[in-house]
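Please treat every number below as a calculation from the coordinates, not as lab data. Treat the numbers as computed from the prediction; the structure is a model and nothing was measured. Virtual Cβ from ideal backbone geometry, glycine too; neighbours counted across all protein chains shown.
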Amino acid sequence: MMKQLPFFTFLLGVTLSGAGLNPLYSAPVKTGFSERDISPAIGMERPGGYGKGYHQTFHDPCKARAAVFDDGAKVVALVGLDALLIREPQVVEIRRRILEKTGIPAGAVLIGASHSHSSGPTGMVLPGEFDHADELVQDLAYEQSSAADPVYLETMVQGVVDAVTEAFETRSELSLGFGRGEEESVSFNRRWRMAGGLSFTHPRYGNPEMVGTAGPIDPEVGVIGAWNEAGKLVGCVVNFACHATTSPPGISANFPWGIEKVIRGTFGDEIVVVFLNGASGDVTQVDNASPVIQPGGADGAMLVGGSVGAEAVKVLLGLVASLTTEAVVDVRTRVLEIPRRHPSPVRVAKSRALVSVPPLGAAAMNDWIWAKEIVLLQALIDKEPVRQVEVQAVQIGPAVFVTNPAEYFCEFGLQQKAASPFPFTWPVSLANGCVGYVPTTEAMGPGGGGYETRLTSYSNLVPEAGDLIRDAGIALTKELSPGAVSLGKSAPEFKGGWNYGDVPPELE
């Protein structure tokens, strides 16, 4: 008898950009970069919370930054988006327009949101998302929750399309370099194991119950650089894992602003810096063990972004002697069907009763917010009990970007790196959609807990979701054939050392 598949399984496995598999070969690769300003207007909603907040000032522009790679057989686009998140309907529309303008297949476009908490209103709630529900739920969703702005959504969508289109149309034969560095002083796992046996998100310095961090960080700074014939850097892609919650005052790209500032300060103001956030669901710039107050706002953004940017500069400078004009470009995608976790009927009923009256006081507001989230979640389950979750692997030569549409725990990204056959494996979180926090099964177990494990309308997949996404990403990397890492020109044959240096000590 055939073994029954589990209810969460692969829905679709697709090879993109041309018929059949792309044979492993080396060819001159054409690369293009472009960017567009997608800053929201003053007065628009500031995303990132469970209620409404509004932008009152401007600090630096939010951007859509794009890189296109074309090996002559296949074309892929990488988009770094200064946004808290991007939802699936906008991804579909962006890909549709890009296909019309460039012919790049939908699944060959990677759109990674940086998770900037100081960006434009792309979520959490989309226009019309709760139109199927009753008046109470609609009020909670549209009037009491962080909501996307339809005008801004169009600005963002068209900005991405224009950036990718220009990058595609201006692509040329550039020399590529691939490398990695490490920056381990500005990111910290925010979950801590406590003496009582559970885990606590941000227990804060001095908490006597803190035992040790409940998860790792990933200090790797992944870098791809592209140089023209004159030896000038044209653009680069940078991958690093950290929440973008430094939040300069006002509209801002957040710490990616600091990355760009340092790289441009070294190589020129026209350099396009495509930032793709790694597996950072439990990693932030906050050091809960620090006995001193840490920089915040613009200073914090510059500390994190500047440190990552400086490491990227070091990597880029070291790549100049080992560039290549050839790289295989390829892509695989797979869509998983993963169920949501369900709140109990009793909890839903209690939550509806609680949110039916306005909260009085801060403590009541806290309970009211989480009750609101349960009511909204039940409405989403009524419409969509199972989520479609896209996983993607995009290859550029010896590097592969492995996506997930989640605030994905760092441990998963490290596991994907360890299992991948590629010399460079760089996870990209909040890519091509958003399913909220996806913790490890351990974090969802008896010794787990913390903010990321709360059941809300934002985060609600079954505990196995992270493992399924991890395994699908690893499987996709193994369907691809890694390119070789260029090591530069070989050293000349030995003909003798430096004659000035071949002398004994001279004492007289």
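Please order ILE381, ILE86 by the number of other Cβ within 10 Å, starting at the fewest.
Values: ILE381 18, ILE86 26.
Ordered by Cβ neighbours within 10 Å, fewest first: ILE381, ILE86.
With +1 on each Lys and Arg Cβ and -1 on each Asp and Glu Cβ, and nothing else charged, work out how big the dipole of the stretch 155-237 is about its Cα centre, in Debye to the nearest 20. Don't skip to the answer; put the middle values down first.
Values: 7 positive and 11 negative charges, 104 e Å.
Dipole size: approximately 500 debye.
Using Cβ counts within 10 Å as a stand-in for footprinting exposure, how do MET365, MET124, MET444 rank, fewest first? Walk me through the numbers on the way to the answer.
Working: MET365 12, MET124 25, MET444 19.
Taking fewest neighbouring Cβ atoms as first place, the list is MET365, MET444, MET124.
Just want to confirm a number: the relative contact order over the chain, from Cα pairs under 8 angstrom separated by 6+ residues, in percent.
Values: 1266 pairs, mean separation 92.1, N = 508.
So the answer I get is 18 percent.
Which value in Å is the Kirkwood Rh of the stretch 165-244 over different Cα pairs? Provide the component values of the computation, followed by the final result.
Details: mean 1/r = 0.0623 Å⁻¹.
That comes to 16.0 Å for the stretch 165-244.
Arrange the peptides 465-471, 196-202 so that the one whose residues have, on average, the most other Cβ atoms within 10 Å appears first.
So the order, starting with the most tightly packed, is 465-471, 196-202.
With the alpha-carbon atoms as the only input, what is the per residue convex hull volume for the chain in Å³? Walk me through the intermediate numbers first.
On the way: hull volume 108.9 nm³, N = 508.
So the per-residue hull volume is 214 Å³.
Show me the ranking of peptides 164-170, 188-194, 292-298 by mean Cβ neighbours inside 10 Å, starting with the highest. Before the final figure, lay out each step's value.
Values: 164-170: 20.4, 188-194: 23.0, 292-298: 12.9.
Final packing ranking: 188-194, 164-170, 292-298.
Using only alpha-carbon positions, what ratio does the radius of gyration of the stretch 312-459 give when scaled by 2.2 N^0.38 Å? Walk me through the numbers on the way to the answer.
Details: Rg = 20.8 Å, N = 148, 2.2 N^0.38 = 14.7 Å.
Ratio of Rg to 2.2 N^0.38 Å for the stretch 312-459: 1.42.
Charges at C-beta only: +1 for Lys and Arg, -1 for Asp and Glu. How large is the resulting dipole of the stretch 201-326 about its Cα centre, in Debye rounded to 20? Kindly include the intermediate steps, with their values, before the conclusion.
Details: 5 positive and 12 negative charges, 41 e Å.
So the dipole magnitude of the stretch 201-326 works out to roughly 200 debye.
Looking only at the chain, where both bridge partners belong to it, what percent of the DSSP beta bridges are antiparallel (to the nearest 5)? Each step should come with its number before you reach the end.
On the way: 64 of 84 bridges.
Counting only bridges with both partners in the chain, antiparallel ones make up about 75 percent.
Output the Kirkwood hydrodynamic radius of the stretch 67-213, Cα pairs only, in Å rounded to one decimal. Present the calculation step by step, with values, prior to reporting the outcome.
Working: mean 1/r = 0.0528 Å⁻¹.
So the Kirkwood estimate lands at 18.9 Å.
Report the Cα centroid-to-centroid distance between the stretch 286-352 and the stretch 81-117 in angstrom, as an integer.
If we compute the Cα centre of each part, the gap is 18 Å.
Sort 224-237, 346-359 by the packing proxy (mean of other Cβ within 10 Å over each peptide's residues), most packed first.
So the order, starting with the most tightly packed, is 224-237, 346-359.
Could you give the Stokes-Einstein D for the stretch 70-152 in µm² per second, using the C-alpha Kirkwood radius, 20 °C, 1.002 mPa s? Working shown, then result.
Working: Rh = 14.5 Å.
Estimated via Stokes-Einstein, D reaches 148 µm²/s.
Which value, in Å to one decimal place, does the Kirkwood hydrodynamic radius take for the stretch 267-334 when every pair of different Cα atoms is included? Kindly include the intermediate steps, with their values, before the conclusion.
Details: mean 1/r = 0.0631 Å⁻¹.
After inverting the mean inverse Cα-Cα distance, the result is 15.8 Å.
Just name one of ASN288, GLY300, PRO385: the one whose Cα is farthest towards the positive end of the charge dipole of the chain (beta-carbon charges, Lys/Arg +1, Asp/Glu -1).
Most positive-ward Cα: PRO385.
Cα centroid distance between the stretch 205-229 and the stretch 42-77, in Å?
22 Å
Quick one: dipole size for the chain, taken about the Cα centre, charges +1 on Lys/Arg Cβ and -1 on Asp/Glu Cβ, in debye to the nearest 20. Kindly include the intermediate steps, with their values, before the conclusion.
Numbers: 39 positive and 56 negative charges, 185 e Å.
Here the chain has a charge dipole of around 880 debye.
The stretch 27-73: Rg/Rh from Cα coordinates, Kirkwood Rh?
Working: Rg = 17.4 Å, Rh = 13.7 Å.
When Rh is taken as the Kirkwood radius, the ratio is 1.27.
For the stretch 42-136, what is the relative contact order in percent, using Cα pairs closer than 8 Å and at least 6 residues apart in sequence? Write out the running numbers ahead of the final one.
Values: 139 pairs, mean separation 30.2, N = 95.
The normalised contact order for the stretch 42-136 reaches 32 percent.
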